[in-house]
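The values are calculated or read from the model by the stated rules, or taken from the named source; none is laboratory data. Just so it is clear, the model here is predicted, and its values are computed rather than measured. Cβ: placed from backbone, ideal geometry, glycine included. Neighbour counts: every protein chain shown. When the accessible area is computed, the model is the full protein with side chains, heavy atoms only, and any ligands, DNA or RNA have been set aside. Shrake-Rupley method; radii C 1.70, N 1.55, O 1.52, S 1.80 Å.
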Amino acid sequence: MIVKLTKKIQECKIGIIGFRSTIIEKVLDKYNLDYIKISDESLVDVDYFDSTKFDFVLGSGVHSIIGCDIIDKVKFGIFMIHETPLPEGRGSAPLQWTVKNKKDNLTCTLFKINSGIDNGMIVYQHNIPVNIHDTLVNLEEKRSEGIFQCYDILISELLAGYITLRKQSGKGSYSKKRTPADSNLDATQKLADLWDDIRICDNEKFPAHFYVDGKKIILRYEVEHDNS
């Protein structure tokens, strides 16, 4: 499905949202496009969207649900990133589940949101290889790369006057939310066998841990790269 713009992207009003929107800013700055930063509080303010009359809203890192009353106020739609090959892996903790599910790639999907959970029409999917030494920090860096590439594709299309959208196809699945308890390691297993469970833990917020005689033992990790 191809949607043609009714005016040039340079004339469109663009809003950006989410705590990763700084990556989107870099793309828009690359093409000298103006944008307005939208606060989290405004995501539930219908009057705000009535007054701003956005043509596009671009986001990443938004955890709140955006209602249809807001979505319908944006002329060409609200676009978001989800870090799985949608429709597979809708829901929570996409980086961690990419590793837990032993995927070869981290897939960043740019899609136009609707009232469902991560089930809108897709603009672009960008694959980045995942290797055995990638940690959560590395995956965050690869996520940033994927976000940039996805929005770069979108802006390139918009500059040409259109958007390409396609329906999600294949079997959908949902990933559950992770909790601090998921950082609890099975101390009966070999350490090497626990590597996937360790490397998806956040060293500061939710470090890997195990218990010895009722005492919590915290395990923080680092991959040393031999540059010799």
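Over all directions, the projected convex hull of the C-alpha atoms in the chain averages 15.3 nm² in area. Per residue, the accessible area of region 106-196 comes to 53 Å², computed with a 1.4 Å probe over protein heavy atoms only.
Using the Cβ-Cβ distance between residue 64 and residue 173 with R0 set to 25 Å, the FRET efficiency from 1/(1 + (r/R0)^6) comes to roughly 0.65. In the chain, the DSSP-assigned H stretches of four residues or longer account for a calculated mean residue ellipticity at 222 nm of -7000 deg cm²/dmol, using -39500 (n - 2.57) per stretch and the full residue count as denominator. Compared with the dominant principal axis of the Cα atoms in the chain, helix 136-159 is inclined by about 10°.
Summing +1 for each Lys or Arg and -1 for each Asp or Glu among the other residues whose beta-carbon sits under 11 angstrom from that of residue 76 gives +4.
Shown is the FRET efficiency for residue 29 and residue 138, computed with R0 = 22 Å from the Cβ-Cβ distance and rounded to the nearest 0.05: 0.30.
Close amide-amide hydrogen proximity is noted between residue 105 and 130, each under 5 Å apart and 5 or more residues distant or on a separate chain (H modeled in the peptide plane; Pro and chain starts excluded). For region 130-228, the set of GluC sites (Glu not before Pro) satisfying both a DSSP loop assignment and a count of at most 16 other C-beta atoms within 10 Å is given as 204, 222, 224. Using a Gaussian network model of the chain with C-alpha springs under 10 Å, which one of 54, 79, 210 is most mobile by mean-square fluctuation? Judging by the Gaussian network model, the answer is 210. Is the shape of region 1-90 rounded, prolate or oblate, going by the alpha carbon gyration tensor and its root eigenvalues a ≥ b ≥ c, with a/c under 1.5 for rounded and a/b larger than b/c for prolate? Verdict is rounded for region 1-90. Partner aspartates and glutamates whose Cα lies under 12 Å from the Cα of residue 13, excluding those fewer than 8 positions away in the same chain, are identified as 34, 55. For the chain, the longest principal axis of the C-alpha atoms and the axis of helix 21-30 are separated by about 50°.
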